[in-house]
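A short reminder: the numbers here are calculations on the coordinates, not readings from a lab. Quantities reported herein were computed from a predicted structural model and do not represent experimental measurements. Positions of Cβ are generated from backbone atoms using ideal geometry, with glycine treated the same way; all protein chains shown enter the neighbour counts.
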Amino acid sequence: MEGRRMMRLALGKGDSRRVLVEPGTTVLALEGTLTVRGPLVWVAETTLAPEQRLGSEQALTLESGGWVDLMAVEAAEFVVLPPEGVQVWRKVVRGLERLMGHEGGKKPMVLR
């Protein structure tokens with residue numbers, strides 16, 4: 001999967017997209033609400049597809065690689081960042097957080 005680039009996607013309410021990701025990929029929700037399902041993991045001799053919901057300005061870093069389903073709970077815009085692309089976005093997020101001063105009691109977005 002070498003040479004992968006950032007993908008910026010928009011989905012309408014109820015739409016979904018299946019994407020192949022590598023370990024360390026980050027999904028960053030820009031607007032709307034998105035459910036990320038997968039990639040498959042082994043738990044007690046059973047495969048499970050963990051599921052997590054992301055709202056605006058939330059991020060999820062996927063520890064393992066494989067196929068993930070990205071489903072829009074409501075219209076959503078998001079980016080899928082390969083591991084090497086995360087460093088650039090961390091700098092962007094830090095700069096924005098400094099400009100906004102972490103105001104409004106909002107929890108700062110953390111990219112791991």
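Sorting 58-70, 5-17, 41-53, 25-37 by their mean Cβ neighbour count within 10 Å, with the most densely packed peptide first, gives 25-37, 58-70, 5-17, 41-53.
Over every Cα atom in the stretch 7-100, the radius of gyration and the widest Cα-Cα span, Dmax, amount to 13.6, 48 Å. Available extension along the chain between Ser56 and Thr35 is 6.4 nm, counting 0.36 nm per residue and deducting the alpha carbon span. Cβ under 13 Å from Pro39's Cβ, Pro39 left aside: what net charge do those residues give with Lys, Arg +1 and Asp, Glu -1? Overall, the nearby charge balance is -2. Take the Cβ atoms of Ala10 and Glu45, set R0 to 30 Å, and the FRET efficiency comes out at 0.20.
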